[in-house]
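Notes to accompany the following structure.
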Amino acid sequence: MSAHEQFAEDLALHALGVLDGEERTVLEQHLIGCTSCQRELSRLQEAAGWLALSAVGPLPPVRARKRLLQSVAREPQPTRVHAKRPLWSLVIPYGLAGATALLAIFFGSETQGLRHKVASLEQRYLEQQHQLIQARDLVNTFTSQEAKHITLVAVKALPQPQGKAFYVRGTGHLIFLASNMASLPASKAYELWLIPETGAPIPAGVFKPDAHGSATIVNPPLPTGLEAKAFAITIEPEAGSAAPTTQPIMVGAGE
């Protein structure tokens with residue numbers, strides 16, 4: 001029996017990754033100086049890869065499978081005793097490993113999809129909460145006992161334009177409704193002003209009426225707790241002004 005034949009079974013077991021202990025140490029020392037056994041080990045490792053794939057994927061080449069099975073089935077040399085290992089005990093772990101990998105990929109994809117759905121639902125919930133808060137603010141501004149109802153009338157105009165302001169000092173919320181407003185050149189716009197008890201007028205929104213002369217301003221940025229002596233409207237550049245540049249065309253005092 002040649003030295004290569006002596007290690008035939010150990011080479012097959014080593015290709016499958018199940019050779020251990022002293023047998024593995026002796027084989028690895030032999031492989032250092034034996035190119036023939038090195039080539040045989042390389043061929044057996046390739047065949048082992050095809051055999052593992054056969055449990056979860058396409059069938060390996062018949063020649064590679066047959067060569068590995070023949071190597072595993074060889075009888076041990078007379079001077080060495082090895083416990084017989086059933087072939088299924090070597091193949092099943094590879095099949096289980098492949099199935100586990102496929103399950104991990106499947107559930108990973110499902111988990112990612114659920115995360116996207118949860119994130120989308122959370123975003124929709126936040127948007128609805130924001131809309132609900134805005135709706136409550138509108139209702140409170142219209143119905144608050146603290147709200148001043150201020151009607152603005154035209155200084156000179158026919159038909160009479162009209163503006164109605166609902167202002168809550170404590171929150172700084174303001175809803176302004178205008179009607180019968182005349183159209184303006186493209187470069188001009190109406191600007192609403194809050195006239196405080198003391199100090200300069202405060203910008204309360206720029207607007208242009210629609211085809212029916214109507215316009216609305218809802219909750220412009222205003223300071224809280226500011227008492228409104230009156231509201232006024234001037235004609236300003238389209239982008240608005242920080243301070244009035246023309247005489248008011250509409251004025252209304254608090255009721």
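The values are calculated or read from the model by the stated rules, or taken from the named source; none is laboratory data. In this text the structure is predicted, and so the values were computed from the model without any measurement. We place every Cβ from the backbone using ideal geometry, glycine too, and count neighbours over all the protein chains shown.
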Q: Report whether or not residue 199 is crowded, with 16+ Cβ neighbours inside 10 Å and either under 21 Å from residue 249 (Cα atoms) or in contact with a strand residue (DSSP E or B) (Cβ under 7 Å, 6 or more places away or on another chain) (or both).
A: no
**Q.** Index of the failed condition, residue 234 passing every other in (1) surrounded by 15 or more Cβ atoms within 10 Å (Cβ to Cβ); (2) over 30 Å from residue 131 (Cα atoms); (3) free of Cβ contacts under 8 Å to residues at least 40 places away in the same chain; (4) of a type in the set (Ser, Thr, Tyr)
**A.** (3)
Q) How about region 239-255: which of its residues are within 18 Å of residue 182 (Cβ to Cβ) and loosely packed, with under 13 Cβ neighbours inside 10 Å? A) 246, 247
**Q.** Members of region 229-238 found to be of a type in the set (D, E, K, R) and closer than 16 Å to residue 181 by Cα, listed by number
**A.** 236, 238
Q: Would you mind stating whether residue 194 is modelled with pLDDT under 90, out of contact with any Asp or Glu (no Cβ under 6 Å at 6 or more places or on another chain) and crowded, with 20+ Cβ neighbours inside 10 Å?
A: no
